[in-house]
């Protein structure tokens, strides 16, 4: 079933997401990663970290290797995560980190990385989501990554620290649920949920197709 639909035109209410991203950023320095013809997650992970990894081919036939590493540290309630999206640099014939989570986005109960395929194209998008906290106190930060722009994958849109947030992949759109918290976590309404319908447009950005509220708490989602 299609998950995100590129739309040539959008209704007047549609606008790019108000945040450039929720989790990922470009590294300050070029970081080579030793990826050879045959490799595994442990080959490219840092020592002392538990890795999960995968590979996707984004727009422009750009191969992206994603690496999510987890480490539980003594005294910390949540594990620490490192997420890196790695691409091949043809000019230097090496693999380098294109996007990574920042230092202020490392503690999370879980991290999800999954492909979102665009109808009418063979190129998927990558969804990277961090679940921070547990139960009713959790928040969700996420990015949707597309490729390529200036030779690199880029963040098409995302959001940061959505209180009690969840994401549902349904019917060609990405639906975001969040508690209605007009002035921060202390003001969250237990019986009202904010819903944003998101779509992927031909300008390469995530757009808000609709914005509504509904009664009840945010439902469980496909992510996280």
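The values are calculated or read from the model by the stated rules, or taken from the named source; none is laboratory data. Here the structure is a predicted model, which means the values were calculated and not measured. Heads up, the Cβs are rebuilt from the backbone with ideal geometry, glycines too, and the neighbour counts pull from every protein chain shown.
Consider residue 150 carefully, then state whether it is surrounded by fewer than 21 Cβ atoms within 10 Å (Cβ to Cβ) and in contact with a helix residue (DSSP H, G or I) (Cβ under 9 Å, 6 or more places away or on another chain). Criteria not met by residue 150. Restricting the search to region 188-224, which residues are under 21 Å from residue 144 (Cβ atoms) and not in a strand (DSSP E or B)? Those that are under 21 Å from residue 144 (Cβ atoms) and not in a strand (DSSP E or B): 202, 203, 204, 205, 218, 219, 220, 221, 222, 224.
Within region 32-69, restricting attention to residues that are at pLDDT below 90 and over 25 Å from residue 117 (Cβ atoms), which residue is surrounded by the fewest Cβ atoms within 10 Å (Cβ to Cβ)? Going through the qualifying residues, I end up with 37. Is there a residue in region 143-156 that is over 27 Å from residue 89 (Cβ atoms) and under 19 Å from the mean Cα position of the chain (by Cα)? There is no residue in region 143-156 that is over 27 Å from residue 89 (Cβ atoms) and under 19 Å from the mean Cα position of the chain (by Cα). Checked against the criterion of being in contact with a strand residue (DSSP E or B) (Cβ under 7 Å, 6 or more places away or on another chain), surrounded by fewer than 18 Cβ atoms within 10 Å (Cβ to Cβ) and at pLDDT 85 or above, region 114-134 has at least one qualifying residue. Scanning region 163-187 for residues that are buried (at least 21 other Cβ atoms within 10 Å of the Cβ) and either free of Cβ contacts under 8 Å to residues at least 24 places away in the same chain or in a loop (DSSP other than H, G, I, E, B) (or both) turns up 164, 165, 176.
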